[in-house]
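Asker: For reference, the structure I am asking about is given below.
The values are calculated or read from the model by the stated rules, or taken from the named source; none is laboratory data. Nothing here was measured: the structure is a model prediction, and the numbers come from that model. We place every Cβ from the backbone using ideal geometry, glycine too, and count neighbours over all the protein chains shown.
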Amino acid sequence: MSAPRSALADTSRHAFSSVRLSEVVGSRHNNFDLLRLLAAWAVLVSHSFAVLDQPEPLHQLGSTLGNVGVLIFFAVSGLLIRRSWEYDPSPRDFWVKRGLRLLPALATVGVLTAFVLGPLVTTSSPSAYFSSWQTWIYPVRLVLMFPFGAGLPGVFEDNPLAGAVNGPLWSLPVEVFAYAVLAVLGMAGLLRHNRLVLSLAVLAMAWGAVWVPLTPDAIGSTYVLAAFALGSAAYSYRDRIVLSWPVALGLLALCYVAGLGPTSVRVVVWTIGGVYLSYWFAYALPPIGRFVTRFGDASYGVYIWAFPVQQTIVQVGGEDLSPWAVIAIATPVVYVLAQLSWHLFEAPALRHKPRRKASVSPVGS
């Protein structure tokens, strides 16, 4: 009996090989853990400038390194969450899996920020801090995915980014919205229609191209939904997508050129480039960076813990700190917190994921 094509792809891959997405999309021999960790660290690096009110890396190209990191997260989710639905198209199981992945760690960061970090860094008196409704509602707001404007009394009020406790959490409700749209399409049987899925992705990119130039950065960043939509469409057309070095390098160069041009062009090109380059890095390259990821999947923990740690560093060290100093101090601290989050909360929760109840659904044309 011959080996499955995906297995053959795993064993034959080398640094300059090309692979078809359909042959590797179900493989565990990939670089997604490293890619997500690098994306989360890119957000940390970018925000090390933002917390000091300095221009973030890649601002010369009309964007930020943090935005690229979030774009990668949504590109990866679009493909893998779509595959998860096809693997087990049960609405109940789908949402249980998403909840187990997101909520335990999020609840933990909410409680510890409000009741451990907050009292240590607040300028309010203990009585004023603990009698404020903001303190007690903060963890609830995070768990309910309503982090917008969620502050804590007297916390980081004298920092350059005054009052911002955990800004990156804005992306979580946006991602949950993407999950909801995918689940609705799945329950309606519309994910079987490849052209419809691709049309929705094209519409999402067109919306992003119009949306971003007309809105402030904090709102315009929601265009990353287009990367999720395109990732889902990539799953539909996985038999036709070949991941290769020439295309990857060409797209990387095109992304640089697009960054020098109109915003609308950048949004479309970076969305396409972010999706393709993410899958190329994950599947076309041989597994790399295992010495970093073998301790556990720290990416989500890095993402949700970095900002309050960085704000604390700025409050203690002062505004004269260099962004590179913030990066150097925050990186090991956040990585340790992320590993604790993974081993104490995330991994134990994921052991309760529902078992598969259905086989992969065929995707029609």
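Asker: For region 36-142, list the helices (runs of 4 or more DSSP H) that sit wholly inside it and hold at least 1 residues that are of a type in the set (Ser, Thr, Tyr), closer than 25 Å to GLY289 by Cβ and free of Cβ contacts under 8 Å to residues at least 24 places away in the same chain; which are they?
Answerer: Where helices (runs of 4 or more DSSP H) fall fully within region 36-142 and carry at least 1 residues being of a type in the set (Ser, Thr, Tyr), closer than 25 Å to GLY289 by Cβ and free of Cβ contacts under 8 Å to residues at least 24 places away in the same chain, they are 65-87.
Asker: Now a separate question. Within region 191-213, is even one residue among the hydrophobic types (A, V, I, L, M, F, W, C), without any contact (Cβ under 8 Å) to a residue 40 or more places away in the chain and outside any helix (DSSP H, G or I)?
Answerer: No, that holds for no residue.
Asker: Go through region 172-186 and count every residue that is over 12 Å from the mean Cα position of the chain (by Cα), farther than 16 Å from VAL76 by Cα and not hydrophobic (A, V, I, L, M, F, W, C).
Answerer: 1
Asker: Restricting the search to region 221-264, which residues are under 29 Å from HIS193 (Cβ atoms), in contact (Cβ under 8 Å) with a residue 40 or more places away in the chain and among the β-branched types (Val, Ile, Thr)?
Answerer: THR222, VAL224, ILE241, VAL242
Asker: Right, next: Under 6 Å between Cβ atoms, which residue pairs at least 6 apart in sequence (or on different chains) link something in region 280-307 that is within 17 Å of LEU106 (Cβ to Cβ) with a partner that is among the acidic types (Asp, Glu)?
Answerer: ASP297/ASP33
Asker: Looking at (1) closer than 20 Å to PHE94 by Cβ; (2) in a loop (DSSP other than H, G, I, E, B), can you tell me which one GLY149 breaks?
Answerer: (1)
Asker: ALA229 - would you say it is assigned to a helix (DSSP H, G or I), of a type outside the set (S, T, N, Q), at pLDDT 95 or above and touching a Phe, Trp or Tyr at 6+ places or on another chain (Cβ under 7 Å)?
Answerer: no
Asker: I would also like to ask the following. Quick one: how many residues across region 284-329 are under 30 Å from PRO348 (Cβ atoms), at pLDDT 95 or above and part of a helix (DSSP H, G or I)?
Answerer: 16
Asker: Also, quick follow-up: Hey, among the residues in region 152-186 that are outside any loop (DSSP other than H, G, I, E, B) and β-branched (Val, Ile, Thr), which one's surrounded by the fewest Cβ atoms within 10 Å (Cβ to Cβ)?
Answerer: VAL184
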